[in-house]
1. Whole-Hz ³J(HN,Hα) for each residue in the stretch 22-27, computed from phi via Karplus 6.51 cos²θ - 1.76 cosθ + 1.60 with θ = phi - 60°, x for glycine and proline: what do you get?
2. Select from the stretch 3-42 those GluC sites (Glu not before Pro) which occupy a DSSP coil region and have at most 12 other Cβ atoms within 10 Å, ordered by residue number.
3. On the protein heavy atoms, probe 1.4 angstrom, tell me the percent of accessible surface of the chain carried by carbon and sulfur.
4. For Glu25 and Ala53, what is the calculated FRET efficiency with R₀ set at 35 Å and r taken between the beta-carbons, to the nearest 0.05?
5. So what is the accessible area of the stretch 21-79 per residue, in Å², with the probe set to 1.4 Å?
6. Using a Förster radius of 22 Å, what is the FRET efficiency between Gln11 and Arg72 based on their Cβ-Cβ separation? Nearest 0.05, please.
7. Using alpha carbons only, what's the Rg to Rh ratio of the chain with Rh from Kirkwood?
8. Loop-only check: which trypsin sites (Lys or Arg not before Pro) in the stretch 18-79 are DSSP coil with at most 13 other Cβ within 10 angstrom?
Amino acid sequence: RDPAPEADVAQAVVVAERLRLALAEAAVPDGEAVIRLTASFGVAGLTPDETTADAALLRADAAAYDAKRGGRNRTVSAG
């Protein structure tokens, strides 16, 4: 079950991890080869002083780049 828009960051991380693991288990045939997928996710929630999602999206984007720099194929929560 996916979290509602009111879900907290911890719940969103669980969903991102489920998606990341599902992608990692997928095998995409490409002729005689098989392509394995990886994904890096950044997760952030709105803080009490934010009135739009813009700031949270910027923090989630920065967290995704942190995940990539940290070795890829991981989920990072913006702190």
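1. Calculated HN-Hα couplings, in order: 5, 5, 5, 7, 6, 10 Hz.
2. Those that pass, being in a loop and sparsely packed, are Glu6, Glu32.
3. On the way: 3160 of 5660 Å².
The computed percentage sits at 56.
4. 0.70
5. Roughly 70 Å² per residue, with all protein chains present.
6. Here the calculated transfer efficiency is 0.40.
7. Values: Rg = 14.7 Å, Rh = 13.6 Å.
Taking Rh as the inverse mean 1/r over Cα pairs, Rg/Rh reads 1.08.
8. Passing sites in the stretch 18-79 are Arg72.
The values are calculated or read from the model by the stated rules, or taken from the named source; none is laboratory data. From a predicted model like this one, the values you see are computed outputs, not experimental measurements. Virtual Cβ from ideal backbone geometry, glycine too; neighbours counted across all protein chains shown. The area values use the complete protein model at the heavy-atom level, side chains included, leaving out ligands, DNA and RNA. Shrake-Rupley method; radii C 1.70, N 1.55, O 1.52, S 1.80 Å.
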